[in-house]
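The values are calculated or read from the model by the stated rules, or taken from the named source; none is laboratory data. Computed from a predicted model, the values in this text were never measured in an experiment. For neighbour counting, all protein chains shown are included, and Cβ atoms are generated from backbone atoms with ideal geometry for every residue, glycine included.
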Amino acid sequence: MNLELLNLIRMNKDERVIFFLRRHFIIFIGELLYVAVLGIIPIGALFLVGNMWPTLLDGAMSRPTIILVASAYYLIIWLFFIGSFVDYYLDAWVVTDQRVLNVEQNGIFARTISELDLGRVQDVTSEVNGLIPSLFRFGHVYIQTAGEKERFVFEQVPRPHEVRKRLLEMVEADQQRSGAVFLEEMQKAKPNEGK
Amino acid sequence: MTSQLTAAEQTEAMLSLSFALILIPYALVVAFFAVMALIHVQHLIHYGATTKMSFAVTFCFLAGAVLILFTTWYLLQGTDWSQRMIIDTPGFGGDPSDLIIN
């Protein structure tokens, strides 16, 4: 079994993983672009300051001050970069032949793991909304559960329609399996009733 | 009272601080960065650093951090940290009684 998966969740012995999903990689690329734009801003500012106040960049005190401020700024941006990656990488959705698991990292100190038995799934909806999601084929998958208002949401996962289709097949198979087990138990129970 | 002081006395009366003090807030930022970086890397190791991707990103992150700190050190090499910063407080002529508002 995938070692990474073992780190994320505890699997049952006879459990089989069908999907192990993360947000589409393009989401992380978007965060990287954001970091790149933030990184370019001081370079532009430096160019502007150099043109408007050329002496400021050579001052005995102003130069080291500017360097220290820029360095602190880049360290914070770099922290934002690793934070974005951790947030992207540690959010995962696992679908096994028995249950659905939602592992969510909210910031640094908050981690939520929720699970749902396949038998409780009532409805599955997939949604691809917008130009970029359509181009890169990612979107949300909503799982409606029995008796609960809250839905399980697989956010920005690749190929959401395929995930929905496969998930519904899994739910159907689980229901058939449960029905067969129930019938078997009933048949076992019947001969005992006569005694 | 301010008008009675000479220009030299006025400069002396202004608040003067060591320029090296500017390193204190920077050191605080670096300390914050180090703590947060450790927490993030620990999270990755604990929850899934067994993949090539998380290893590569962690490596890039650490390399980038070293690069930022090294560049800062390199650019600051010729700085005279013993120079004094003069902080001019308008209306303060050196006599503490000037600060009391009647």
- Please list, ordered by first then second residue, the pairs with beta carbon atoms under 8 Å, 6 or more apart or interchain, first in region A:49-76 and closer than 19 Å to B:Ala37 by Cβ, second assigned to a helix (DSSP H, G or I) and small (Gly, Ala, Ser). A:Tyr74/A:Gly39; A:Leu75/B:Ala65
- Evaluation of A:Ile29 against (1) within 30 Å of B:Trp81 (Cβ to Cβ); (2) free of Cβ contacts under 8 Å to residues at least 40 places away in the same chain; (3) among the β-branched types (Val, Ile, Thr) (one fails), failing number: (1)
- Task: Restrict the check to region B:15-28 and report whether at least one residue is at pLDDT below 80, over 27 Å from B:Thr72 (Cβ atoms) and more than 9 Å from chain A (Cβ to nearest Cβ).
- Result: yes
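Scan region B:47-75 for residues that are assigned to a helix (DSSP H, G or I) and either under 12 Å from A:Tyr89 (Cα atoms) or more than 7 Å from every other protein chain (Cβ to nearest Cβ) (or both) and report the count.
20
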